[in-house]
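> Before I ask anything, let me first share the structure, which is written out below as structure tokens.
The values are calculated or read from the model by the stated rules, or taken from the named source; none is laboratory data. As the structure is a prediction and not an experimental result, all values here were calculated from the model. Note that each Cβ is placed from the backbone with ideal geometry, even for glycine, and that neighbours are counted across all protein chains shown. Accessible surface is based on the protein model in full, side chains and every heavy atom, while ligands, DNA and RNA are left aside. Shrake-Rupley method; radii C 1.70, N 1.55, O 1.52, S 1.80 Å.
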Amino acid sequence: MGVEKDFSFGKLHSEAFSCIQCGYCRRVCPVYRALGWESTSPRNKVYQLQNLLSTYPPLANLPEEFSQRFWQCTNCRRCTQVCPTHLDLMNLWQGVKHHLGKKGYEPASLRSTRERVKRNKNIFSLANENRSFWAMPLQGYPKVLKPENPDIAVFVGCVASFYPLVSGIPLALANVFLKAGVKAYFLGADEHCCGNPLTTAGDLATAEILAENNISKVRELGVDKLVFICPSCQSTWLEEYPRYNKGQLPFRLLHYTEYLADLVDQGGLDLKPYPRRVSYHDSCDLGRHLGIYEAPRRILRAIPELEFVELANHHQDSLCCGAGGNLYMVDQKLANKISQPRLDQIEESGIDTLVTACAECRQVFTLGLQDRKSPVRVLDIAELVAELIREG
Amino acid sequence: MSGTAGDTVSELMASLPPELKKVATDSHYERLAYTHDMSSLDGFLTSDWLKTLPDLVVLPRNVQQVAALLKWAAEHRVPVTPRGAGSTSLFQSVPAKGGVLLDLNCLNTIGPWNLERPSVQVGAGTIIYELQEEAKKRGLSLATFPSSAPVGTIGGWFNNGGRGYGSLQHGSLLNQVERLEVVLAGGEIVQCTHQSDPPIQWFFGSEGTLGVVTSLELKLEPKPTSEAHMAFGFSNIGELQRFLLKTIDGPFLPYNLTFVSATLGGQPIRRINWDAILPGTFLAVDFFGDADQVEQGVQRVRWLKLEHELHQLPKWQAEKFWADRFYNFRLQRTGPSLLGAETLMPLNKISSYVEGIGALATGSQKPMITFGYVTSRQEAYVTTMFWTDEARTVQYLLDLSLVNSIYRTAFKFGAKPLGIGLWNTPYLKYAYSASERRKIRERKERLDPSGIINPGKAHNPPVVLKPRLFGASMTALRIFRKILQRLGRVES
């Protein structure tokens, strides 16, 4: 079925040769800024791509470093944002990775992740039936996760479902929904990986099987809203799934912060005061990609006595945490190095609490600030709201 | 891409002092990244007669490492090519003779600040935009900045003559530099002032051929508290020039004046793709300062507007044009490729030059766009561009002869090429007088007698870029292009 994006060599050639090699992308690329070598810059990636697309057959005899540099990317979209010739560099990176994956040029860690996804339907070596173990502390578990006639369905994502450090996020959100009287249906074992690691590596056939399962399970519920915890999963659904579905999906895709912000506006959440200095970190996927900047801030502003301050870089200029684009999986050392400028900004801001809305950012900042012995508390918005919500 | 044999490269790497090995690489893939700048000529024109592939790349973290490298390079007689952002297009920072590519981007410290004077010390690899942002946080501002500020390094800009927005009021970057740290061939670290021997001026605009600039102390201005932007449309370039000369005829100068002429046969070229819809010939006037200064400037220009019965464009268009000041490269999107020439043009010759370009555009059936900004009461930094397709090698090669034609048109009106690097070496005599060229040669002899630093540029170009041979080649290409054009085999 026609699920291919236009990653043809002709399309890649036309995009790559529209690059004027000005280098505006260098200043904002977190990988280049962390490593310093010109070969890591988006500009050079395009230059090397131009060379390799000019050979016949294109992209033959790839140098090992070519593949390595392309996988060293957090998908933060800053390069696309600043490109004066408006190149869709994200699409170019995705196209190249698609060809690299097909040719077997992918990092071992990504290859094994793909294998795990095929085998277990999630990115970890864990049985998919255990997807809702995070919910065990909930009163009424597991029945409470599957209400009759649900208002919404919730797609948790692999990281928040399985990774202990951030599994408090879905638990918090489930508690918020229960207290607010929202009938939220958590897909649990019916939820399969969104397919992001597969589409990234060009394995669209397997990604399609996962997508078809996910779409049909949500469709069966008859809900008109699917709420996401992970912005990266939401991006994948938004960009890839309409093609798998051969048309628009029959339900709206929302990030949970959008849903909670609407609840706040409607007076559906009664929140206790939080007399602290708080800042919010815009994640790359939720911000630059999905364009959701205000919903998290609306929630925070609704919390009594909370003093909200912006970090030095915010909204579309936010800095990357380093974990995006599967980089945490591919090169954890580099991901940690990339996070340092943001950790500096967090510490310099004088805040007590940093709030995020992305499980990966939450994880990176928690560990990074622990390493620095920083007193700054890191929470997901769902966790903060769960802590402050009064019984409905 | 011509380079040195693998064994020799490994030997060079092995001979580096231990403290440099940590910040050096002989990876072929890494070295390839430095064989070009914004220019795309490297693919088929740089082969045997140029050695653009460096043997090693070194990414120093401090001035001591730069000094150690230059000492080692002198001992081993290895060429060293310093490089900032590599955002020029004349190969100023691309090796011509292999050796070491010295990437200075990690020398990017900002501070300490002196808020009283006010001034700041910055590493040569500091990105100008970032420096400006840091200055703003302290209520300060750079006096001038280039249109390439989001990528350009302060050291690179200094080495390339440092003109930009604000030069009309404040002069070039040279006026803002109070002290310069330079590593000379042999590894000696010197601190230069305007009075020292050698003085700062020797290195300004020297394109990294005399020494490696590692840090600068810059004078800053108070951050402006007020700004205003105006833009005017003209029916022809002559009217624009008359108005432009009037606006700078008086004690008060605007911060910036930018002009654009994108017409062919009097019709605007729509493919220029400015975000704001603008007429084919227009002038933007920008004011910065305190509220009184800005108001005075605006009033004066309003008065001139009435006197000249001009069509003023809406305020939002003028503001949008200023907001897009770093984005001239968007022209590329209308490509597929662009070629062009940058010159310093006497202000009173802009009109004649643009008319000359119009004739060239019509004769060659190539739409051309000319734009520029005024850098002093006498000169403007002028760029003329046209569209081509670098993927079509023969067509592209023939179109290169038009670049030469643009330069020849500019020289006829007293313009100078903006930068020499490698590709403009045939035009050296237009950039410098005979006595200036002699002085530059003497400085090179004194500071770098072995020719270690950035060799093969300017005064010692490869044979094919010697003016006579180059001139003959361009004439041949031009004639060939005309013949093909008559036969309908050249695309506009």
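> Within segment A:321-329, is even one residue crowded, with 19+ Cβ neighbours inside 10 Å, modelled with pLDDT under 95 and assigned to a helix (DSSP H, G or I)?
Yes - at least one qualifying residue is present in segment A:321-329.
> Moving to a separate point now. Within segment A:112-125, take every residue that is without any contact (Cβ under 8 Å) to a residue 40 or more places away in the chain and surrounded by 15 or more Cβ atoms within 10 Å (Cβ to Cβ) and give me the one that is nearest to the chain's Cα centre (by Cα).
Narrowing segment A:112-125 to residues without any contact (Cβ under 8 Å) to a residue 40 or more places away in the chain: A:112, A:115-116, A:119-120, A:124-125.
Going one step further and asking which of them are surrounded by 15 or more Cβ atoms within 10 Å (Cβ to Cβ), we end up with A:116, A:120, A:124.
Details: A:Arg116: 19, A:Asn120: 20, A:Phe124: 16 Å.
Filtering first and then ranking leaves A:Phe124.
> Considering every residue within segment B:125-140, establish whether at least one is open to solvent by 20 Å² or more (accessible area, probe 1.4 Å) and either under 26 Å from B:Tyr34 (Cα atoms) or assigned by TED's automatic domain parsing to the domain that holds B:Gln293 (or both).
Step one: list which residues in segment B:125-140 are open to solvent by 20 Å² or more (accessible area, probe 1.4 Å), which gives B:129-130, B:132-134, B:136-139.
From the residues that got through so far, the ones that are either under 26 Å from B:Tyr34 (Cα atoms) or assigned by TED's automatic domain parsing to the domain that holds B:Gln293 (or both) too are B:129-130.
Within segment B:125-140 (the criterion being open to solvent by 20 Å² or more (accessible area, probe 1.4 Å) and either under 26 Å from B:Tyr34 (Cα atoms) or assigned by TED's automatic domain parsing to the domain that holds B:Gln293 (or both)), the answer is yes, since at least one residue qualifies.
> With surrounded by fewer than 23 Cβ atoms within 10 Å (Cβ to Cβ), at negative phi, within 14 Å of chain B (Cβ to nearest Cβ) and more than 18 Å from the chain's Cα centre (by Cα) as the only criterion, which of A:Val144, A:Val82 stands out? Walk me through how you get there before you give the answer.
Details: A:Val144 fails: within 14 Å of chain B (Cβ to nearest Cβ).
The unique qualifying residue is A:Val82.
> Taking the condition modelled with pLDDT of 95 or more, among the acidic types (Asp, Glu) and open to solvent by 30 Å² or more (accessible area, probe 1.4 Å), does B:Glu75 pass? Spell out the reasoning first.
Details: modelled with pLDDT of 95 or more: yes; among the acidic types (Asp, Glu): yes; open to solvent by 30 Å² or more (accessible area, probe 1.4 Å): yes.
Considered against the rule, which asks whether it is modelled with pLDDT of 95 or more, among the acidic types (Asp, Glu) and open to solvent by 30 Å² or more (accessible area, probe 1.4 Å), B:Glu75 comes out as yes.
Each row is one residue, and each column tells you yes or no for (1) open to solvent by 40 Å² or more (accessible area, probe 1.4 Å); (2) modelled with pLDDT of 95 or more; (3) within 14 Å of chain A (Cβ to nearest Cβ).
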{"site": "B:Pro17", "(1), (2), (3)": "no, yes, no"}
{"site": "B:Lys21", "(1), (2), (3)": "yes, yes, no"}
{"site": "B:Ala24", "(1), (2), (3)": "no, yes, yes"}
{"site": "B:Leu56", "(1), (2), (3)": "no, yes, yes"}
{"site": "B:Gln65", "(1), (2), (3)": "no, yes, yes"}
{"site": "B:Asn108", "(1), (2), (3)": "yes, yes, yes"}
{"site": "B:Leu115", "(1), (2), (3)": "yes, yes, no"}
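> When the residues of segment A:56-77 are narrowed to those that are open to solvent by 10 Å² or more (accessible area, probe 1.4 Å) and within 12 Å of another protein chain (Cβ to nearest Cβ), which ends up farthest from A:Val31 (Cα to Cα)?
Once the filter is applied, the top-ranked residue is A:Leu62.
> Out of the residues in segment B:362-374 that are more than 16 Å from B:Arg408 (Cα to Cα) and open to solvent by less than 10 Å² (accessible area, probe 1.4 Å), state the one that is nearest to the other protein chains (Cβ to nearest Cβ).
Restricting to residues being more than 16 Å from B:Arg408 (Cα to Cα) and open to solvent by less than 10 Å² (accessible area, probe 1.4 Å), the top hit is B:Ile369.
> Look through segment A:251-277, keep the residues that are within 26 Å of A:Gln81 (Cβ to Cβ) and of a type in the set (A, V, I, L, M, F, W, C), and return whichever of them is surrounded by the most Cβ atoms within 10 Å (Cβ to Cβ).
Result: A:Ala261.
> Answer yes if at least one residue in segment A:351-374 is within 13 Å of A:Cys320 (Cβ to Cβ), of a type in the set (Lys, Arg), modelled with pLDDT of 95 or more and open to solvent by less than 60 Å² (accessible area, probe 1.4 Å), and no otherwise.
No - not one qualifying residue is present in segment A:351-374.
> Scan segment B:440-448 and give yes if some residue there is open to solvent by 50 Å² or more (accessible area, probe 1.4 Å), within 20 Å of B:Gln92 (Cα to Cα), in contact with a Lys or Arg (Cβ under 8 Å, 6 or more places away or on another chain) and outside the structural domain of B:Gln169 (by TED's automatic domain parsing), otherwise no.
No, there is no match, as no residue in segment B:440-448 is open to solvent by 50 Å² or more (accessible area, probe 1.4 Å), within 20 Å of B:Gln92 (Cα to Cα), in contact with a Lys or Arg (Cβ under 8 Å, 6 or more places away or on another chain) and outside the structural domain of B:Gln169 (by TED's automatic domain parsing).
> Please verify whether A:Glu208 is at pLDDT below 95, part of a helix (DSSP H, G or I) and in contact with a Phe, Trp or Tyr (Cβ under 7 Å, 6 or more places away or on another chain), treating the condition exactly as stated. I'd like the intermediate steps shown before the answer.
Details: at pLDDT below 95: yes; part of a helix (DSSP H, G or I): yes; in contact with a Phe, Trp or Tyr (Cβ under 7 Å, 6 or more places away or on another chain): yes.
Considered against the rule, which asks whether it is at pLDDT below 95, part of a helix (DSSP H, G or I) and in contact with a Phe, Trp or Tyr (Cβ under 7 Å, 6 or more places away or on another chain), A:Glu208 comes out as yes.
> For segment A:126-174, which residues satisfy the criterion of being touching a residue at least 40 places away in the same chain (Cβ under 8 Å), in a loop (DSSP other than H, G, I, E, B) and under 18 Å from A:Arg362 (Cα atoms)?
Residues satisfying the conditions are A:Val156, A:Gly157, A:Tyr163.
> If B:Gln121 satisfies every condition in (1) touching a residue at least 60 places away in the same chain (Cβ under 8 Å); (2) open to solvent by 20 Å² or more (accessible area, probe 1.4 Å); (3) in a helix (DSSP H, G or I) but one, which is the exception?
(3)
> Here's something else I'd like to know. Restricting attention to segment B:394-412, which residues are of a type in the set (D, E, K, R) and open to solvent by 10 Å² or more (accessible area, probe 1.4 Å)? Lay out the reasoning, then the answer.
Of segment B:394-412, the ones of a type in the set (D, E, K, R) are B:399, B:408, B:412.
B:Arg408, B:Lys412 - these are the residues of segment B:394-412 that are of a type in the set (D, E, K, R) and open to solvent by 10 Å² or more (accessible area, probe 1.4 Å).
> Further question: Identify, from the list B:Arg481, B:Arg443, the residue that is touching a Pro at 6+ places or on another chain (Cβ under 9 Å) and either touching a residue at least 12 places away in the same chain (Cβ under 8 Å) or at negative phi (or both). Working first, answer last.
Numbers: B:Arg481 fails: touching a Pro at 6+ places or on another chain (Cβ under 9 Å).
On inspection, the qualifying residue turns out to be B:Arg443.
> Please tell me if B:Ala391 is surrounded by fewer than 21 Cβ atoms within 10 Å (Cβ to Cβ) and either without any contact (Cβ under 8 Å) to a residue 12 or more places away in the chain or assigned by TED's automatic domain parsing to the domain that holds B:Ala472 (or both).
no
> Between a first residue in segment A:290-313 that is in a strand (DSSP E or B) and a second residue that is at pLDDT 95 or above and open to solvent by 40 Å² or more (accessible area, probe 1.4 Å), which pairs have beta carbons less than 8 Å apart while being 6 or more apart in sequence or on different chains?
A:Glu307/A:Pro275; A:Glu307/A:Arg276; A:Glu307/A:Arg277; A:Phe308/A:Arg301
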